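See structure below.
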């Protein structure tokens, strides 16, 4: 597969991001600050004996590696796109029996009408047969015939003569589709098992208090429970005939990219809306104990979102770092005006900040219109059991029918560690 190196580099990038995410999770204090002395592991390495300054150096170096890998991914993606574009141009040209359509910066060769007629052989055959009354003016690209020829009943025209040849240009217009909007924001991880199992504290009663001499210590209470996020499979397939694969240059690379995109688009929606019933993931919106803030009469959208932020901070004891909104709900925020008609988020000629109460806003139509989500994304994680694989082979009666089946799939688990770190906002 042409983009195999690109896929591997993206896996490497996700893995290194996951290592840093786990480092910062260890360093986070209950107050939302970061204390590097709390970091015990860096990837698979035990760093509990290292001083915070040494760990900071490791973090700086890891960031530099991330930047380098990101640059490689961007360059590989650019090369892969250019390769696919060239293959599509070659395919269109081959199908029509013409030279490939010009690429960017190239000019197509042009010929005058006179040249086309002479090269077609019509004039040459007429002169060789000894016909009179034919006058050809190559310089102006025109041809005139004798009166006898003009009196003929048959009119030489495109519908009863030489039909113009039309070839496709080297451009493919994709059908509109929903881009990935959520997936790239979720902290990544990996697992080698059929489920991600972790312990969660369910009871935390701190009874610590002042005591007098020779009196009993107050008794605290803690309780834990095991939680499981099963690995789910997302994928699809496409049967393709042998002739189609053989006759179209670059087709498999084009289809590979489409199959990968299909898996990512589906997973993008499952992260928010999966209902948890097998084989679905359990998305954030369907996780038990996620908080809710409803917009009420007389309270504007800005204040309602801030109420949700407060719930995440106070009840969830988390630090919200992202707000998801439906595009039409964000439109209402962006076009809000003060009493004098001035836009609160800046004049129309400016893009305006994609932020609310200091948090970045991500538009997604995976949310229903009127509903937003305030989230601390560090309190959830997407585990990769099997990265995206694109395979081709024979299924059922494919061999006898002269076709093959392309299959793409990935296996993942999604865990929402602390549901109270998320709050939906309704009625916007």
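Among the residues of segment 27-49, write down those that are in contact with a strand residue (DSSP E or B) (Cβ under 7 Å, 6 or more places away or on another chain) and either within 13 Å of residue 188 (Cα to Cα) or in a helix (DSSP H, G or I) (or both).
Across segment 27-49, the qualifying residue is only 27.
Inspect segment 252-271 for any residue being surrounded by 15 or more Cβ atoms within 10 Å (Cβ to Cβ), outside any helix (DSSP H, G or I) and either assigned by TED's automatic domain parsing to the domain that holds residue 427 or in contact with a strand residue (DSSP E or B) (Cβ under 8 Å, 6 or more places away or on another chain) (or both) and give the result as yes or no.
no
May I ask you to say which residue of 317, 355, 334 is out of contact with any helix residue (DSSP H, G or I) (no Cβ under 7 Å at 6 or more places or on another chain) and closer than 22 Å to residue 290 by Cβ?
Going through 317, 355, 334 in turn, just one is out of contact with any helix residue (DSSP H, G or I) (no Cβ under 7 Å at 6 or more places or on another chain) and closer than 22 Å to residue 290 by Cβ: 317.
Pick out the one residue from 55, 69 that is assigned to a helix (DSSP H, G or I), modelled with pLDDT of 85 or more and surrounded by 16 or more Cβ atoms within 10 Å (Cβ to Cβ).
Of 55, 69, the one residue that is assigned to a helix (DSSP H, G or I), modelled with pLDDT of 85 or more and surrounded by 16 or more Cβ atoms within 10 Å (Cβ to Cβ) is 69.
Out of the residues in segment 351-390 that are touching a strand residue (DSSP E or B) at 6+ places or on another chain (Cβ under 9 Å) and over 30 Å from residue 411 (Cα atoms), which is modelled with the lowest pLDDT?
Among residues in segment 351-390 that are touching a strand residue (DSSP E or B) at 6+ places or on another chain (Cβ under 9 Å) and over 30 Å from residue 411 (Cα atoms), the one modelled with the lowest pLDDT is 352.
The values are calculated or read from the model by the stated rules, or taken from the named source; none is laboratory data. Note that the coordinates shown come from a computational prediction; the quantities given were computed from them, not determined experimentally. Neighbour counts are summed over all protein chains in view; Cβ atoms, including those assigned to glycine, are modelled from backbone coordinates with ideal geometry.
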